[in-house]
Amino acid sequence: MQDDNQYLADSDTNTTNTTNTDVLFTYDSDDTLIDSRMSGGKPISMERFEALINKTPAGDANDVSSGNQVQVQAVIYNIDGTSVFTITSTSAG
């Protein structure tokens with residue numbers, strides 16, 4: 001079974017935008033995935049990236065109701081090429 005390799009980003013966070021414009025990002029093994037919570041930022045595997053975006057470090061579901069979310073930033077997004085994604089922080093909801 002193949003992974004979806006997608007995540008949905010809430011682009012309205014911390015804005016006054018009320019149109020609810022969420023964005024679907026795709027990623028694959030050619031992309032650069034970085035955990036910037038570590039000193040200097042460290043490249044991570046796709047498996048680790050997926051674990052972080054699916055569950056918080058505390059093991060909770062990574063959603064608003066958990067009160068603890070992993071935030072991802074698409075630094076460079078190229079749907080047909082190499083993208084760069086960083087885990088920017090873990091925030092309390």
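The values are calculated or read from the model by the stated rules, or taken from the named source; none is laboratory data. Since the structure is predicted, the reported quantities are computational estimates derived from the model, not experimental observations. All Cβ positions, even for glycine, are placed from backbone atoms using ideal geometry, and neighbour counts span all protein chains on display. The protein model used for the area step is the full one, side chains on, heavy atoms only, and it has no ligands, DNA or RNA in it. Shrake-Rupley method; radii C 1.70, N 1.55, O 1.52, S 1.80 Å.
Within the set 53, 79, the sole residue that is open to solvent by less than 30 Å² (accessible area, probe 1.4 Å) and at pLDDT below 90 turns out to be 53.
Confirm whether residue 37 is at pLDDT 70 or above and surrounded by 15 or more Cβ atoms within 10 Å (Cβ to Cβ).
So residue 37 fits the description; yes.
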